[in-house]
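K.L.:
One structure follows; several queries about it will come next.
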């Protein structure tokens, strides 16, 4: 385990009035939770087994733990939305002295959205897809406020601007699916803070975001906290937590196993579970590469070994206003045998569209993709079908790529059918073999996707991708939805499989740490254009393009790791300043 | 631009559907093999003379080859002339337009009632206590499996003969439309409610619903303001089914309640082998079908903004 040296900047960022509130004459806490238990139905073990914490105005408490540890249930209980089957008991559950245990639904509704803002984890699913963003953001104002229609509309624009959304007038009229992930997340925050809540609960507010957007959202949350809002952050990302939180509570199996000031807990973790969390984090973010990459010269000498060759591919989509938008513009690259090419860029940079073209799911408007020297994108879909097996894909969210009614055996068996393995016995045998490759045993064959953990699902997805014996594996954010310890296992597995099976790999991610760890070469995309590409060590150590530098600086990171790539001193504050300068849109007025 | 193109394509496809319908009906009726001239002259009982038969055969153009008859029929249909009814001896178009209004008003009222009831029931029963759900879906199952004439007969027995609240037959006055509307609507309500409830229950699990609740929305607002619009999408998809049920149901219900209308006209025309009449009604149904589907297609884009780009 690596030692973590903390440089905490938040003290400086906190305004003087907040500093006062930490003097001995403390006001009563905003949230008081004592011995809170939540139980669903008549199961033996409660999901939350008696936890206690308090939270003051202007203070940020982080709940940390792996999925299933009870973090999200805790946060939902605080807004009375644990669900109809939940039995909530506590010695004390208070908001600003008011007892929340005995209040009725009507009283809850006056608290939700007005006094407690709630930001859900999944920004795509958390905005109603059939309503405009402006209408979604305006909804709490409509429910609670005394504003008229015109005032509400003005307030929405002001809110969208305050969370750093450029062109708020345009965005307010768009639908969630027309916004990138980062903008959606910020719109969701805008909706949660619309009525100026005393407490903001944010469930994994930055998990799905890339580094640059993540830094902006963190900055936004920081400024809210400095405006005396109490904040409860739920995250499995210790880097995010270390940047934002004053105190941290580590949850494990429904209990808070460790709680204290952030510096103390991170530097000197007492509980075994906290120690293992920190160890897992440093494995993902700081692990050594396990195999040596082929050097550029070696690679160049084998020119006939190109597996994929993209030549000036361009893709344009129509905008709602009738104009068109070029999402991928004249992108060229080669992927060589046994090589891993990382594609980095923030959401909206064209990564996904490029991936879809490589997979043959989208035809480029200009240029072409070649598969082993043969034209690939110009083939008819019938002709592509026979070649499809050569390129397989792993998605960020394997769950939605499985038929929920299929068992694991069925899922992998279907993929084996593609290469003509039809005998029931043979399929089963091969399926078990594939599962062994991804280090799962045959006992999960009869399970359905919903009965698998996140890590197991991703392993099954990998096994399915390997079933038709592909030459190229396209990984689209394969670990960003996973807990940090599971991330480490999956990455290790991917590295191992690539080496053993001689796969070429396209690795699409917004997480620069992971790209650095797994790729031989990297390609940085911004606004549909490749701004920089080359050997991964070279680029990470000496980024030439300003945007790459910005991305590298923007990683919130556990403070100790900055020296890893270069001597750059990029702690949170300097990142924030740079971002502010470069974007010019992050004005937070609350 | 793209919208215009899409409508143009759909209209073109609609013309194709109409053509196919007419052709199929034409072929089917000529496969039966009965002599239409006998029908025109009042059936076998009228015992028409040979000269009369020859005269009428010539007058109606039935002495020509089938292909010529078909071409002539198509040519006239394109110009809005559906021919003379063999039995009623008036133009088919006029006969249909005389009977159209009662059927349209019946179908319209049944559509309103069924959509309104189904939406209300689904909103009220989705994600409620288990006994409410099982009671509701049990009743739905019984109603949706009961044939329309059984349902209609039961309604007649209860409300006309026993309680004497409503008339059992006729076409004039609003009272006469109540029971036929219910007989036509209830099976549709049963199916729609099941689909809508399932859809609502799936939607009420989604994250944006939790977000909406976390903003302080009441249950009613969550259901009406957020969930309902999502649930309406499968309702649109089912509109083809709804229309087919209405049309099929109208035939039975109009006969059962002795109402005027296209349904009854169709039944009589089929019984009398009145080929031009049957062809005309078939064509009218196909036309309405095409129009309904076109409207539904356009409504998708109104209800779901994500559809706009797709063709």
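The values are calculated or read from the model by the stated rules, or taken from the named source; none is laboratory data. Computed from a prediction, not measured in an experiment: that's the story for all the values here. As a convention, Cβ positions derive from the backbone with ideal geometry for all residues, glycine included, and neighbour counts pool all protein chains shown.
K.L.:
Limited to the stretch A:322-346, what total is found for residues that are assigned to a strand (DSSP E or B) and either touching a residue at least 24 places away in the same chain (Cβ under 8 Å) or crowded, with 19+ Cβ neighbours inside 10 Å (or both)?
P.N.:
Summing the residues that are assigned to a strand (DSSP E or B) and either touching a residue at least 24 places away in the same chain (Cβ under 8 Å) or crowded, with 19+ Cβ neighbours inside 10 Å (or both) in the stretch A:322-346 gives 16.
K.L.:
Can we say residue B:290 is part of a helix (DSSP H, G or I), more than 14 Å from every other protein chain (Cβ to nearest Cβ) and under 25 Å from residue B:75 (Cα atoms)?
P.N.:
Criteria met by residue B:290.
K.L.:
Which numbered condition trips up residue A:171, out of (1) free of Cβ contacts under 8 Å to residues at least 40 places away in the same chain; (2) under 30 Å from residue A:106 (Cβ atoms); (3) buried (at least 19 other Cβ atoms within 10 Å of the Cβ)?
P.N.:
It fails just one condition, (2).
Here is a yes/no grid of residues against (1) within 14 Å of another protein chain (Cβ to nearest Cβ); (2) in contact with a strand residue (DSSP E or B) (Cβ under 7 Å, 6 or more places away or on another chain); (3) within 28 Å of residue A:163 (Cα to Cα):
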site: A:41; (1), (2), (3): yes, no, no
site: A:84; (1), (2), (3): yes, no, no
site: A:89; (1), (2), (3): no, yes, no
site: A:133; (1), (2), (3): yes, no, yes
site: A:140; (1), (2), (3): yes, no, yes
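K.L.:
Please count how many residues of the stretch B:20-59 are assigned to a helix (DSSP H, G or I) and either over 20 Å from residue B:71 (Cα atoms) or touching a residue at least 12 places away in the same chain (Cβ under 8 Å) (or both).
P.N.:
24
K.L.:
Go through the stretch A:102-115 residue by residue and tally those that are touching a strand residue (DSSP E or B) at 6+ places or on another chain (Cβ under 9 Å) and at the interface with chain B (Cβ under 8 Å from one of its Cβ atoms).
P.N.:
So the answer is 2.
K.L.:
Could I ask something else about it? Failed condition for residue A:39, given (1) crowded, with 20+ Cβ neighbours inside 10 Å; (2) at pLDDT below 90; (3) in a strand (DSSP E or B), with all others met?
P.N.:
So residue A:39 meets the others, but not (1).
K.L.:
Right, something else. Would you check if residue A:202 is touching a helix residue (DSSP H, G or I) at 6+ places or on another chain (Cβ under 9 Å), buried (at least 21 other Cβ atoms within 10 Å of the Cβ), within 12 Å of another protein chain (Cβ to nearest Cβ) and more than 26 Å from residue A:396 (Cα to Cα)?
P.N.:
So residue A:202 does not fit the description; no.
K.L.:
Go through the stretch B:60-88 and give me each residue that's without any contact (Cβ under 8 Å) to a residue 12 or more places away in the chain and within 35 Å of the chain's Cα centre (by Cα).
P.N.:
B:61, B:65, B:67, B:68, B:69, B:71, B:72, B:75, B:76, B:78, B:79
K.L.:
Look at residue B:301 and say whether it is within 25 Å of residue B:12 (Cα to Cα), within 14 Å of another protein chain (Cβ to nearest Cβ) and in contact with a helix residue (DSSP H, G or I) (Cβ under 7 Å, 6 or more places away or on another chain).
P.N.:
When the stated conditions are applied, residue B:301 passes them.
K.L.:
Looking only at the stretch B:129-169, how many residues end up being loosely packed, with under 13 Cβ neighbours inside 10 Å, part of a loop (DSSP other than H, G, I, E, B) and touching a helix residue (DSSP H, G or I) at 6+ places or on another chain (Cβ under 9 Å)?
P.N.:
Residues flagged as loosely packed, with under 13 Cβ neighbours inside 10 Å, part of a loop (DSSP other than H, G, I, E, B) and touching a helix residue (DSSP H, G or I) at 6+ places or on another chain (Cβ under 9 Å) within the stretch B:129-169 amount to 2.
K.L.:
Right, something else. Go through the stretch A:381-418 and give me each residue that's loosely packed, with under 12 Cβ neighbours inside 10 Å and either part of a loop (DSSP other than H, G, I, E, B) or at pLDDT 85 or above (or both).
P.N.:
Those that are loosely packed, with under 12 Cβ neighbours inside 10 Å and either part of a loop (DSSP other than H, G, I, E, B) or at pLDDT 85 or above (or both): A:403, A:404, A:405.
K.L.:
Does residue B:178 fit the bill of being out of contact with any strand residue (DSSP E or B) (no Cβ under 7 Å at 6 or more places or on another chain), within 16 Å of residue B:246 (Cα to Cα) and free of Cβ contacts under 8 Å to residues at least 24 places away in the same chain?
P.N.:
yes
K.L.:
Let me confirm something: among A:250, A:241, which residue is more than 14 Å from every other protein chain (Cβ to nearest Cβ), farther than 30 Å from residue B:306 by Cβ and within 16 Å of the chain's Cα centre (by Cα)?
P.N.:
From the options A:250, A:241, the qualifying one is A:241.
K.L.:
Here is a further query. Looking only at residues that are modelled with pLDDT under 80 and crowded, with 21+ Cβ neighbours inside 10 Å in the stretch A:122-131, which one is farthest from the other protein chains (Cβ to nearest Cβ)?
P.N.:
Looking at residues that are modelled with pLDDT under 80 and crowded, with 21+ Cβ neighbours inside 10 Å, I get A:123.
K.L.:
Under the condition of being under 19 Å from residue B:101 (Cα atoms) and not in a helix (DSSP H, G or I), which residue from the stretch B:172-217 is farthest from the other protein chains (Cβ to nearest Cβ)?
P.N.:
Only one residue tops the list, namely B:172.
K.L.:
I'm told residue A:76 meets every condition in (1) crowded, with 23+ Cβ neighbours inside 10 Å; (2) within 9 Å of chain B (Cβ to nearest Cβ); (3) at pLDDT 85 or above except one. Can you identify the failing condition by its number?
P.N.:
(1)
K.L.:
I'm checking my understanding of the structure. Among residues of the stretch A:264-278 that are surrounded by fewer than 16 Cβ atoms within 10 Å (Cβ to Cβ) and either under 24 Å from the mean Cα position of the chain (by Cα) or on the phi > 0 side of the Ramachandran plot (or both), which one is modelled with the highest pLDDT?
P.N.:
For the stretch A:264-278, the residue satisfying everything is A:275.
K.L.:
Please determine whether any residue of the stretch A:139-149 is closer than 24 Å to residue A:70 by Cα and surrounded by 19 or more Cβ atoms within 10 Å (Cβ to Cβ).
P.N.:
Scanning the stretch A:139-149 turns up no residue that is closer than 24 Å to residue A:70 by Cα and surrounded by 19 or more Cβ atoms within 10 Å (Cβ to Cβ).
K.L.:
Could you count how many residues in the stretch A:363-377 are modelled with pLDDT under 85 and outside any strand (DSSP E or B)?
P.N.:
Total satisfying the criteria: 4.
K.L.:
All but one of (1) touching a residue at least 12 places away in the same chain (Cβ under 8 Å); (2) not in a helix (DSSP H, G or I) hold for residue B:17; which doesn't?
P.N.:
Single failed check for residue B:17: (2).
K.L.:
If you check A:452, A:435, A:506, which single one turns out to be within 28 Å of residue A:385 (Cα to Cα) and within 25 Å of the chain's Cα centre (by Cα)?
P.N.:
Within the list A:452, A:435, A:506, the selection yields A:506.
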